[in-house]
1. Which is in contact (Cβ under 8 Å) with a residue 60 or more places away in the chain, surrounded by 13 or more Cβ atoms within 10 Å (Cβ to Cβ) and outside any loop (DSSP other than H, G, I, E, B), of PHE9, PHE26, PHE44?
2. Filter segment 1-34 down to the residues that are more than 13 Å from the chain's Cα centre (by Cα) and acidic (Asp, Glu), then identify the one that is modelled with the lowest pLDDT.
3. Restricting attention to segment 29-41, and to residues there that are under 19 Å from ILE16 (Cα atoms) and of a type outside the set (D, E, K, R), which single residue is surrounded by the fewest Cβ atoms within 10 Å (Cβ to Cβ)?
Amino acid sequence: MIQNKEEKFKAVLETITDKPNEMNMFAGFLKMYPEEWKQLKINFSKFNRSKQFGKTIPLPKPEQSLKKEIRVWLKNR
């Protein structure tokens with residue numbers, strides 16, 4: 001979960017010179033907020049380690065999760 005994602009996505013959008021899309025927003029986010037990205041990956045790996053054998057809970061990978069949040073944000077913008 002990204003804290004203050006509305007402000008962060010707006011900040012990333014301001015730095016993009018091309019037409020905003022999912023890929024350049026994703027790349028911009030990684031460049032501007034490496035600590036947030038690192039935290040997303042850490043939370044994902046902690047969750048995967050905590051699962052019990054045989055019990056699966058579908059959790060999207062951090063890349064998929066962030067791209068989906070960006071896609072939804074761009075659509076609602």
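The values are calculated or read from the model by the stated rules, or taken from the named source; none is laboratory data. Note that the coordinates shown come from a computational prediction; the quantities given were computed from them, not determined experimentally. A quick note on method: Cβ atoms are made from the backbone with ideal geometry, for glycine too, and the neighbour counts reach across all protein chains shown.
1. PHE9
2. Checking each candidate, the answer is ASP18.
3. Looking at residues that are under 19 Å from ILE16 (Cα atoms) and of a type outside the set (D, E, K, R), I get PRO34.
Each row is one residue, and each column tells you yes or no for (1) modelled with pLDDT of 95 or more; (2) over 12 Å from ILE2 (Cβ atoms); (3) touching a helix residue (DSSP H, G or I) at 6+ places or on another chain (Cβ under 8 Å).
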residue	(1), (2), (3)
GLU36	no, no, yes
LEU40	no, no, yes
LYS46	no, yes, no
LYS51	no, yes, no
LYS55	no, yes, no
LEU59	no, yes, yes
PRO62	no, no, yes
SER65	no, no, yes
ASN76	no, yes, no
